[in-house]
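Read the structure below first, then the notes.
The values are calculated or read from the model by the stated rules, or taken from the named source; none is laboratory data. The shown structure was predicted, so the numbers you read here are calculated from the model rather than taken from an experiment. Cβ: placed from backbone, ideal geometry, glycine included. Neighbour counts: every protein chain shown. Heads up: the accessible areas ignore ligands, DNA and RNA and are worked out on the full protein's heavy atoms, side chains in. Shrake-Rupley method; radii C 1.70, N 1.55, O 1.52, S 1.80 Å.
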Amino acid sequence: MPAVPVQRIVVLGGGSAGFIVALTLKRRLPHLEVTVVRSPDIGVIGVGEGTTAAFPRHFFETLKLKPRQFYLEAQPTWKLGLKFLWGARSEFYYTFATDYEQRLPELPRPTGFYAHQDGSCPGSVSALMANDKAFLRRPDGQPQLHKFFAYHIENKKLVRWLEAVSAALGVSIRDATVHPEGDAHGISALATEAGERITADLYVDASGFRSELLGRALGEPFISYTDALFCDRAVIGGWARTTEPVRPYTLAETMDAGWCWQIEHEQWLNRGYVYASAFLSDEAALSEFLKKNPQVTNEPRVVKFRSGRFARNWVGNVVAVGNAAGFVEPLEATSLQVICVESITLADALSESAGAPTPTLCGLYNSFHGRVWDDIRDFLAVHYRFNTRLDTPFWRACRADTQLHGAEAIVAFYRENGPSPLLGQLLHPSNSFAAHGYLSLLVGQGVPHASPYRPTAHELEVWQTRCRTWAMEARKGLDVNQSLAAVAAMDRAG
């Protein structure tokens, strides 16, 4: 913990993680002196361009920022969830709604018992996704906005917006190549090449995979996730949009030794192949990627990564956020979500302790974030353990050897009880996926269970009528381009 009450904070790293934590701290604790030190040696991975619904909640509900500047500068498109080409079904959808936790008033069993029968979209949001629509259409033709959305954002545009908001809140920004100096409390200064020493009461490590402070300088142990997540590479490419529709979801498509994402921007499509080098060489991955995506126009690049987390986020006077604290592949786009959670809990810890965090408070912070990272690992493991789409060596190994860890009890409950929302009682309140997330994956992948339900003919008719209604309303909805145009018009009107 810091030796003195925290008044000055230095954030090392000027990417999305650095600016999110800086503006969060300054917004919640405006008396703090917060400085972001950007180093040209610290690059940006550039794959964290999908978000979850936690992103708009953090900025527009928790921090009370105005969304207008965000839409103008970051130029996001809407994301309602993920479309999976995964498992035995041709496709299924995982939304930010909570359909699988619901029970329709005219039916005796929860939604999952009916969606399990035919793979139907279990709600209005998944019906929108299936019809490439973002929002339902109001009687006046305008989009009927809902809260079950996130964004696709180009990284450079996101960082530009974050930097502008941070500067407007009073965050100082410096460009310097620095080297950490240590003392008994952790880090004593960041020494610049010009001989200056940048000091603070608390240092936030947002240096990405390099983990300059927590990992390199302090030597915090790293906990590997390789028994649950086998992938350790990604080929990244993309192309300029031509006539393709802007789809309101991230695509996750099964590949020979991993999976391929597609992230939708207004003018660009971002595509990437996450794979396991133990099963596929970089050359073979690139070949498979380009065969799947011959329209790629930029030079694809290979990014290496390791899945796991450091044992503690907060050590002495150093707190790590984002990739400096841990990393998992972007299968559920959790990167920015984790940064938001790390940032707000750090602000809360400093606020509750009046800037003088105690050892037990730092310990609570560490145990909480260890659980956050482990929960993500467990959820991703379910994706791999039950994907029966391909019979390649990689997928056979996933089905046989993927360790579920904390998800083991969840899967056992599902296998005995079927798609019951009571499954959520097994999850810690901090688990961001909740019952709906797990049920989306288990039902979507057709995982068998011992409690099949045979609806009556009347129940099936009620369910199918409801599904047809959702689909009909969705088809009349607004797609992403139409919704963006409507929002822009409303903004111009005042």
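Assorted remarks:
- Restricting attention to region 353-371, the residues that are in contact with a helix residue (DSSP H, G or I) (Cβ under 7 Å, 6 or more places away or on another chain) and either open to solvent by 20 Å² or more (accessible area, probe 1.4 Å) or farther than 18 Å from Pro429 by Cβ (or both) add up to 4.
- Test: Ala325 is small (Gly, Ala, Ser) and either modelled with pLDDT under 95 or touching an Asp or Glu at 6+ places or on another chain (Cβ under 8 Å) (or both): yes
- Among residues of region 449-471 that are closer than 15 Å to Pro110 by Cβ, those with a Cβ under 7 angstrom from a residue that is outside any helix (DSSP H, G or I) and open to solvent by 70 Å² or more (accessible area, probe 1.4 Å), sequence gap 6+ or separate chain, pair up as Tyr453/Arg109; Val462/Glu106.
- Taking region 382-447 as the region of interest, the helices (runs of 4 or more DSSP H) fully inside it that hold 2 or more residues being touching a strand residue (DSSP E or B) at 6+ places or on another chain (Cβ under 9 Å) and either of a type outside the set (Val, Ile, Thr) or surrounded by 23 or more Cβ atoms within 10 Å (Cβ to Cβ) (or both) are 393-401, 434-444.
- Residue within region 306-328 that is under 17 Å from Ala22 (Cβ atoms), touching a residue at least 60 places away in the same chain (Cβ under 8 Å) and open to solvent by 40 Å² or more (accessible area, probe 1.4 Å) present: no
- Restricted to region 174-215, and to residues there that are surrounded by 14 or more Cβ atoms within 10 Å (Cβ to Cβ) and among the basic types (Lys, Arg), the residue that is nearest to Asn317 (Cα to Cα) is Arg210.
- Checked against (1) open to solvent by 20 Å² or more (accessible area, probe 1.4 Å); (2) under 24 Å from the mean Cα position of the chain (by Cα); (3) hydrophobic (A, V, I, L, M, F, W, C); (4) within 25 Å of His152 (Cβ to Cβ), Leu286 passes all but a single condition, namely (2).
- Cβ pairs under 6 Å, 6+ apart, first in region 335-364 and in a helix (DSSP H, G or I), second surrounded by fewer than 23 Cβ atoms within 10 Å (Cβ to Cβ) and of a type in the set (Phe, Trp, Tyr): Ala349/Tyr365
- One residue from Tyr151, Tyr71 being under 22 Å from Ala488 (Cα atoms), surrounded by fewer than 20 Cβ atoms within 10 Å (Cβ to Cβ) and hydroxyl-bearing (Ser, Thr, Tyr): Tyr71
- Residues within region 194-230 that are within 27 Å of Ile376 (Cα to Cα) and among the acidic types (Asp, Glu), tallied: 4
- Within the set Ser39, Ser90, the sole residue that is closer than 30 Å to Val10 by Cβ and of a type in the set (S, T, N, Q) turns out to be Ser39.
- Answer residue from region 206-253, given it is part of a strand (DSSP E or B) and of a type in the set (Ser, Thr, Tyr) and is nearest to Leu145 (Cα to Cα) among those: Thr250
- Checked against the criterion of being open to solvent by 10 Å² or more (accessible area, probe 1.4 Å) and touching a residue at least 24 places away in the same chain (Cβ under 8 Å), the candidates Thr77, Thr98, Thr24 yield just one match: Thr98.
- Yes/no for Asp118 being at pLDDT below 90 and surrounded by fewer than 23 Cβ atoms within 10 Å (Cβ to Cβ): yes
- Complete set of residues in region 62-84 that are of a type in the set (D, E, K, R) and within 18 Å of the chain's Cα centre (by Cα): Lys79, Lys83
- Test: residue in region 225-246 that is open to solvent by 10 Å² or more (accessible area, probe 1.4 Å), within 19 Å of Asp132 (Cβ to Cβ), more than 16 Å from the chain's Cα centre (by Cα) and basic (Lys, Arg): yes
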